[in-house]
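Student: My structure is below; once you've seen it, I'll send some questions.
No value in this document is a laboratory result; all are computed from the given coordinates. Predicted model, so just to flag it, every value in this text is computed and none were measured. Don't worry about glycine lacking a Cβ; one is built from the backbone with ideal geometry, like all the others, and counts go over all protein chains shown.
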Amino acid sequence: MFGLGLPELGIIALVAILIFGPKKIPELGNALGKTLRSFKDGVGLADDEAVEKEKQKNRDEEVKHED
């Protein structure tokens, strides 16, 4: 996993606990999860909008060819 072993992950966890405190870690995890979820939803919306624009462009081109 990204070249990180168990000792490195343990050190990162220890530093995070020292910096933020044990009570704040779950709150940070929750905030990170919400942020990633909203980012994923936002990217999905952008993809949906791009698909809709492409469909509209194709419809416009078909109408031009019919004339």
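Student: Could you give the dipole magnitude of segment 22-66 about its Cα centre, charging the beta-carbon of Lys and Arg +1 and that of Asp and Glu -1, in debye to the nearest 20?
Tutor: Roughly 560 debye for segment 22-66.
Student: Could I ask something else about it? Under a point spin-label approximation (7 Å from Cα along Cα-to-Cβ), what is the Ala13-Glu62 distance to one decimal in nm?
Tutor: 5.6
Student: Do the sum for the chain: with -39,500 (n - 2.57) for every DSSP H run of n ≥ 4, divided by all residues, what is the mean residue ellipticity at 222 nm, to the nearest 500 deg cm²/dmol?
Tutor: So the helix-based figure for the chain works out to -30500 deg cm²/dmol.
Student: Would you compute the Debye intensity of the chain from its alpha-carbon atoms alone, equal scatterers and no solvent, and pass along log10 I(q)/I(0) at q = 0.20, 0.21, 0.27 Å⁻¹ to two decimals?
Tutor: Cα-only, vacuum Debye calculation for the chain: -0.91, -0.94, -1.07.
Student: Kindly express, to the nearest 10 degrees and within the range 0 to 90, the angle between helix 25-66's C-alpha long axis and the longest C-alpha principal axis of the chain.
Tutor: 10
Student: I'd like to know which of Pro22, Gln56, Leu4 lies farthest towards the positive end of the charge dipole of the chain, counting +1 on Cβ of Lys and Arg and -1 on Cβ of Asp and Glu.
Tutor: Comparing the listed Cα positions along the dipole, Pro22 ranks first.
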